[in-house]
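Notes follow the structure.
The values are calculated or read from the model by the stated rules, or taken from the named source; none is laboratory data. Model, not experiment: these values are computed from the prediction. In this analysis, Cβ positions are derived from the backbone assuming ideal geometry, glycine residues included, and neighbour counts consider all displayed protein chains.
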Amino acid sequence: MTDPVFPLPDDRLERFMRVRTEQEAQHVDIDRFLQFRSVISLPSRATRVARSIRQFAVGAAIAAMVILLVAVVFTPTEQIHASPAEVVQQLQEVTDVSPDRTYLVRTEVIPSFENRVPQLLRVRETVLHLHGEKVVLEMPNRISVWGKDEAGRLWIVPHRKAAVLFEIDEIPELAEQFFALRAIQIPKLLREGLEDNMLSWGTTHEKMKIIHIQARNPHRIWREMVLKIDTETMTIQELSITRRIPVGELKVQYLLQSTQPFNAEKYTPEGHLDQAGLVFDSQSPNLRKGILNRYLRWLQPKQLPAP
């Protein structure tokens, strides 16, 4: 309110600004301003909460993916690929397709009492060749060579000039035991390993798996088997078998030497004889017995045909 006696002086600057503002107001596009304002409007409280929830969910998903990736990378392969039983089944398939194997066989009696260990256990190291059901067992320094054919007949070459051959029903008992303790049938062993036994993983290396097999049946001839498997070639690099024997336990260790085919002739007694060497079977019982008495006296046939 102005005082008529003492009026305020005229403020030219204020009057200019008021006139300018009124002129600009007449040209303002209210509709456009309101549309633009709605686009850039600040988010409401509900919108901010929803956005925070979405950001948290995305972060949690990323963290879960990282944890899963770390678990996959650092979890042992046997836990995410196959069980011990499944690996043994794979070994069976590979062995059936590629049966040629050469093993160094080492035997150890536990406890070791030399005076109580029979002759058939005193040979500590042999070489075993496998081809399907054909088996060849070479003694140290090739003193003698033993073998079995597909029909299960046992032959022994104690000398380059003579060999003996036994049908299944006439194999000397000690000869059968000596051979069975060292000459393995891998497919048969793998089948036995899957029959109601306890299979578990041992220490696993980068390219090697170890499987322990404990026999549940106390009457099995073997108590424990340990397989060391090359995961790239799926071959048994090492096989250890602990057997029960009257004087304690016999540990037999098989170390893979080669997977190349063995000379086919070497799976027959003739393949280990000189050109003039002879094989004596049930058709020559006296000569066969004479060869056993000379070179393998400790073998006692359980039955030989009468001359």
Check: What do you reckon, is Arg153 at pLDDT below 80 and not hydrophobic (A, V, I, L, M, F, W, C)?
Finding: no
Next item on the list: At least 3 residues that are at pLDDT 80 or above, closer than 26 Å to Glu138 by Cβ and in contact with a helix residue (DSSP H, G or I) (Cβ under 9 Å, 6 or more places away or on another chain) in each: list the strands (runs of 3 or more DSSP E) lying fully within region 180-251 that qualify.
Entry: 222-230, 235-245
Checklist line | Residues (on the phi < 0 side of the Ramachandran plot and over 15 Å from the mean Cα position of the chain (by Cα)) located in region 192-218 | finding: Glu192, Glu195, Asn197, Met198, Gln214, Ala215, Arg216, Asn217, Pro218
Notebook entry, point to check: Which condition number in (1) part of a strand (DSSP E or B); (2) buried (at least 18 other Cβ atoms within 10 Å of the Cβ) is the one that Leu299 fails?
Noted result: (1)
Note to self: Between a residue in region 215-231 that is loosely packed, with under 15 Cβ neighbours inside 10 Å and any residue that is part of a loop (DSSP other than H, G, I, E, B) and of a type outside the set (Lys, Arg), which pairs come within a Cβ distance under 8 Å, given they are 6 or more apart or on different chains?
What the structure shows: Arg216/Asp196; Asn217/Asp196
Check: Restricting attention to region 271-282, and to residues there that are in contact (Cβ under 8 Å) with a residue 40 or more places away in the chain and not in a loop (DSSP other than H, G, I, E, B), which single residue is farthest from Asn141 (Cα to Cα)?
Finding: Phe280
Notebook entry, point to check: In region 160-179, how many are at pLDDT 90 or above and under 21 Å from Lys266 (Cβ atoms)?
Noted result: 8
Next item on the list: Output yes when any residue across region 175-184 is under 26 Å from Asp274 (Cβ atoms), of a type in the set (Val, Ile, Thr) and in contact with a Phe, Trp or Tyr (Cβ under 9 Å, 6 or more places away or on another chain), and no when none is.
Entry: no
Item checked: Identity of the residue in region 140-149, surrounded by fewer than 18 Cβ atoms within 10 Å (Cβ to Cβ) and modelled with pLDDT under 90, that ends up farthest from Ala180 (Cα to Cα) -> Asn141
